[in-house]
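Here's the structure, in structure tokens; my notes come after.
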Amino acid sequence: MNLADTLADLLTRENRLSFGEIVLTRSPEGSYSATHHEDEGKTTGLEPLDSVRELREMAKNDATGEYRPLKTAPGLKSGWITTADGAHDFLQRLDAIYPGLFATWSAYESGSLAPVPLRDTLGRQTGMYRFAGGISDEMALRLKTELCGRGCLRHIVWPIDPGSPGEHASRAAGALPLLCTEACTFAVNLARTLAKEAYDLANPPAATEP
């Protein structure tokens, strides 16, 4: 079963799924629709966005007009709807809003995608980001449980250390989680900042002679 078939099967069985800040539905006639959860149930006043390009443009900025560098940041604009006749076209539109995240969930759910431990990700960094690998266990836990949760809707399933179990994500009825199976560049940058702050604190500049 390919991704489009998986999506079609899910929406045939459940008709409605929440996915991040959007709601996915399938009509009795078989067409697919997505809209912001704040607009669920509205039948008028929504702007139709019927292409991948239009949806990508919509998702670039939040409701206040600020640029969204992280595609899973909260604050997606409301006031729009996209409708497609086929699951393949519909999946492409979902990817315009949350790139690759339906595929990530499907692979994780099937057991074919193993989360990557944080220390493996940090250990691959080079150049200025090599500092990231120097974070302590306490910093790594803070990164996972606190810092990454600020401004991101994804549910972390990666463990901190190789061999450690990650947090398993189970799908609730009527919902699809946005999964984080490997620390992203934003997380790596946060790790570097924590490591550098700790290094600078432990190695203050020598006092100069008057």
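Please treat every number below as a calculation from the coordinates, not as lab data. Computed from a prediction, not measured in an experiment: that's the story for all the values here. Every residue, glycine among them, receives a Cβ derived from its backbone with ideal geometry; neighbour counts consider all protein chains shown.
Numbers for the structure displayed
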item: Rel. contact order, % - alpha carbon contacts under 8 angstrom, at least six apart, region 1-108; result: 29
item: Residue-wise HN-Hα coupling along region 40-55, computed from phi with Karplus coefficients 6.51, -1.76, 1.60 (Hz; x: Gly, Pro); result: 4, x, 6, 10, 9, x, 9, 7, x, 10, 10, 8, 4, 4, 4, 5
item: Set of lysines near LYS196 by C-alpha distance (under 18 Å), chain-local residues within fewer than 8 positions excluded; result: LYS144
item: Estimated Rh, region 114-202: Kirkwood, alpha-carbon pairs, angstrom; result: 13.5
item: Relative contact order (%) - region 114-202, alpha-carbon pairs under 8 angstrom, separation at least six; result: 44
item: The chain: mean projected area of Cα convex hull, nm²; result: 15.3
item: Nearest-20 debye value, the chain charge dipole, Cβ charges on Lys, Arg, Asp, Glu; result: 300
item: Relative counts (whole %) of C-alpha pair distances in region 1-62, using bins that are 10 Å wide; result: 18, 50, 29, 2
item: Percent RCO, i.e. relative contact order, over the chain, from Cα pairs under 8 Å lying at least 6 residues apart; result: 21
item: Debye, to nearest 20: dipole size of region 87-210, +1 on Lys, Arg Cβ, -1 on Asp, Glu Cβ; result: 180
item: Interchain or long-range residues, amide H under 5 Å from ASN61's placed H; result: ARG68
